[in-house]
Amino acid sequence: MLLKYQEFNFDALLNAVLTENGMAEFGIGVVCVLLGILIARRVFARYFAHHPERYDRFLPYAGMRLVLPLSAQFLVQLSFWVWTHGLGKHAVVLYVFSVMLLGLAVIRLCTALLRQALPKGKVERTSEHFVAIVLWLGFATKLIGFDDVVLDALSSVAFSVGKTRIDLLTILNGVLWVSVIVVAALWVSRIIEGRLMKLKHLDPSLRIVFAKLTRIGLVVIAVLIALPVVGIDLTVLSVFGGAVGIGLGLSLQNIARNFLSGFIILLDRSIRIGDRLMVGDRVGNVTRMTSRYVVLRGGDGSEALIPNDLLVSGTVINQSYSEKSLWTSLPVQVAYGTDLDLAMSLLKQAAEHPRVLKEPGPNAFVTLFADSGINMELGFWVADPENGFLGLKSDINLAIWRLFQQHNIEIPFPQREVRIIGDKPAQA
């Protein structure tokens, strides 16, 4: 049975807590909350500790966040019924515990929605917990009648801007409304972005462009809606826009250039996710594209953040611009007197590998008559260069070694012959 909501006078509630019955109720409420924490930890350890993928789904995550307030709420409601019907006493403190826990459940559900709107990572988790704490503290102070003291304290901290007096309460109110509207816009944009990314008939670059434009447009609209709500005239945006323009011209040139370059790259589709790029002495595959940089993952697992401006203004070798497959080669040397036709045939046979394209197939070449032997080269097209070359070349080198051993083909090594003619006679 849920209890009817009502507000309290702070002084009256404090006097009720300081009585013998109030202290007993307070102790029972604390025990119920501690038991709720214990239940929440058990549920987390069983269903979420070893299944982190459940964090990404809204319903399982929201359910986890509601375990603590709802389990503690059930225990408080049970204690309240025993206290009032079994013992026949009037319960005030347990009622406050019940309403606070109910408010905590609603707030946690709302902040779980906030989590869906924010980028994943530490900022997401920190923002969710911070907002939940602030909202719950505001609800608790309102419930126990302590809000008048807090509001008077916030109103007393004020300063003047021209003829306008601005206090801390107005600032916090404005920040709250702007945050709520912007977060709602981010949440909607994230839903739209998820739908766009599922459109397989669109190029991946175009999907990213539309997703970013949607997010930027919704955030701008949200700000334009939020400013009048908090009492800010939109005409101040002309002054603000001029200040931003000066800032971009003086100190934010690189950021603006990278931002615009990112959209240029996405629109002309010169670089796409999965492409293999060579930027300077760095070679890797594109794993992520943002409005400021491109993530280039090397074969050793390291990731380089390449600014978009560098990709637009500099020379970039896209090894998979029009074709994903990539040509590579292996040098081999055989001894003089080797049947070169047989050696070339064996080299082609050694290149028969699942990762090597059959059309066009591998080919062998005689490149140089060197000092120690005849230089040859085995060339082939790799179907999946993003998986690296070291393991593939090792497999092919082992196949060459085995085939040459079977057909008695010698792989020479440098040799030097030193002849000592004789010593000069010592002079007297």
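The values are calculated or read from the model by the stated rules, or taken from the named source; none is laboratory data. Keep in mind that what you see is a predicted model, and the values were worked out from it rather than measured. Here the Cβ is made from the backbone with ideal geometry for all residues, glycine too, and neighbour counts use every protein chain on show.
Some notes on this structure:
- Being at pLDDT below 80, on the phi < 0 side of the Ramachandran plot and of a type in the set (Val, Ile, Thr) is a property that holds for Val93.
- Unmet requirement for Val219, which otherwise passes all of (1) at pLDDT below 75; (2) in contact with a helix residue (DSSP H, G or I) (Cβ under 6 Å, 6 or more places away or on another chain); (3) closer than 18 Å to Val178 by Cα; (4) surrounded by fewer than 17 Cβ atoms within 10 Å (Cβ to Cβ): (1)
- Those residues of the range 261-278 which are out of contact with any helix residue (DSSP H, G or I) (no Cβ under 7 Å at 6 or more places or on another chain) and surrounded by 14 or more Cβ atoms within 10 Å (Cβ to Cβ), in sequence order: Ser270, Asp275, Leu277, Met278
- Checking each residue in the range 287-306 for being under 19 Å from Val209 (Cα atoms), at pLDDT below 85 and surrounded by fewer than 19 Cβ atoms within 10 Å (Cβ to Cβ) picks out Thr287, Arg288, Thr290, Ser291, Arg292.
- Filter result for Glu352 (of a type outside the set (Val, Ile, Thr), touching a helix residue (DSSP H, G or I) at 6+ places or on another chain (Cβ under 9 Å) and farther than 18 Å from Pro414 by Cα): yes
- Residue match in the range 379-393 (condition: acidic (Asp, Glu) and closer than 30 Å to Ile264 by Cα): yes
- Of the residues contained in the range 40-49, none is found to be touching a Phe, Trp or Tyr at 6+ places or on another chain (Cβ under 6 Å), modelled with pLDDT of 80 or more and under 30 Å from Leu113 (Cβ atoms).
- Where a residue in the range 356-369 is farther than 13 Å from Ser345 by Cβ and its partner, wherever it lies, is of a type in the set (Ser, Thr, Tyr), with Cβ under 6 Å and at least six apart: Leu357/Ser325
- Thr315 fulfils the conditions (1) outside any loop (DSSP other than H, G, I, E, B); (2) surrounded by fewer than 16 Cβ atoms within 10 Å (Cβ to Cβ); (3) not acidic (Asp, Glu) except for a single criterion, (1).
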